[in-house]
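Visitor: Quick one: the structure is below, and I'll ask about it shortly.
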Amino acid sequence: MGPDEKSLNGSENHENGMALTRPFALIGRKVIKGINILGSATIFLMMALWNTFRPKQFSKVVHQVYYIGATSTTIIMLVSLFTGMVLGLQSYHALIQFGAVGGLGALVSLSLIRELGPVLTAIMITARAGSAITAEIGIQRISEQIDALQTMRVDPFRYLISPRITASIISYPLLTAVFDFIGIIGGYITSVLLLGLNAGVYSHSILRNVDMKDLTDGFIKSIVFAVIVATVCCYQGYFVHMRGDSKGAKAVGMATTSAVVISCVLILVSDYVVTSLLMV
């Protein structure tokens, strides 16, 4: 076998080896990229929380609490009312088959307080306020307003990011409480006013079965969701100029879509994780 044939066989073997390892290399790159993003998002959150305790942040936080929390109250109340009504309707027809309709109030209230309230509140705020946060910060980035802040020695984290994350941590538990309360009223409307269940039975079932731990678990979930959603939305907007799939206004749209999708997925994943930890 001549040297040319040996070199040809060697190159073929090398190409075959590269073809076999290419899928593993692709997976490795994806994993490394995910770890890098997770690390940078964690540092991003730590920097934002550190700047929360700087002076002159109170007015910015109050403004963001109004924007994220107060202006979302109407849609939260509407969604929670019909969620409670549907839950009461479905639960009534399920429990009456087993003669356990007396536990309807407990079923509705515990479902809302421990699970549906925090999750649906977080998803609704993500759709309404989270997307707007990403778009607002993203436009400021591509229009070089954030660069102008740095030029004027104004910390963008202190001015843009910290107030939004702090306001989210404050607003999410409050809106979750509103969701739970209105949802329980919705269950009352369906089961008592429409289906004829005794009002005393409904309320007594709630008072007998709901305790402080149920409320605490729901509020812990809402705080976790607030940190996740605020961090993801601010992160996507702040680094919109570093996206590789698009530039300019299109990048802002892509970042907004990514922020909402990633936030909703992480809400559901973290819900399972937090629920598992709280039930230990």
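The values are calculated or read from the model by the stated rules, or taken from the named source; none is laboratory data. Fair warning: this is a prediction, and the values are worked out from it, not measured in the lab. Here the Cβ positions follow ideal geometry from the backbone for every residue, glycine too, while neighbour counts run over all protein chains shown.
Visitor: Would you confirm, using the coordinates I've provided, whether TYR202 is assigned to a helix (DSSP H, G or I), within 30 Å of ILE146 (Cα to Cα), among the hydroxyl-bearing types (Ser, Thr, Tyr) and out of contact with any Asp or Glu (no Cβ under 8 Å at 6 or more places or on another chain)?
Guide: Criteria not met by TYR202.
Visitor: Restricted to the stretch 29-58, and to residues that are farther than 14 Å from ILE170 by Cβ and outside any helix (DSSP H, G or I), which residue is nearest to the chain's Cα centre (by Cα)?
Guide: Across the stretch 29-58, the extreme among qualifying residues is PHE53.
Visitor: So GLU115 passes all but one of these: (1) touching a Lys or Arg at 6+ places or on another chain (Cβ under 9 Å); (2) at pLDDT 90 or above; (3) under 18 Å from ILE170 (Cβ atoms); (4) not β-branched (Val, Ile, Thr). Which condition number does it fail?
Guide: So the condition that GLU115 fails would be (3).
Visitor: Consider only pairs whose beta carbons are under 6 Å apart and that are at least six residues apart or on different chains; among these, list those whose first residue lies in the stretch 59-70 and is part of a helix (DSSP H, G or I) and modelled with pLDDT under 90 and whose second residue is of a type in the set (A, V, I, L, M, F, W, C) and surrounded by 13 or more Cβ atoms within 10 Å (Cβ to Cβ).
Guide: Correct list of pairs: VAL61/ALA167.
Visitor: Moving on to the next point. Tell me yes or no: at least one residue of the stretch 147-154 is modelled with pLDDT of 90 or more and among the basic types (Lys, Arg).
Guide: no
Visitor: A further question on this structure: Tell me, which residue of the stretch 80-100 that is touching a helix residue (DSSP H, G or I) at 6+ places or on another chain (Cβ under 6 Å) and surrounded by fewer than 19 Cβ atoms within 10 Å (Cβ to Cβ) is nearest to SER222 (Cα to Cα)?
Guide: Selected residue: LEU81.
Visitor: I'd like to verify a number: residues in the stretch 236-280 that are surrounded by fewer than 11 Cβ atoms within 10 Å (Cβ to Cβ) and not in a helix (DSSP H, G or I), how many?
Guide: Here the count works out to 4.
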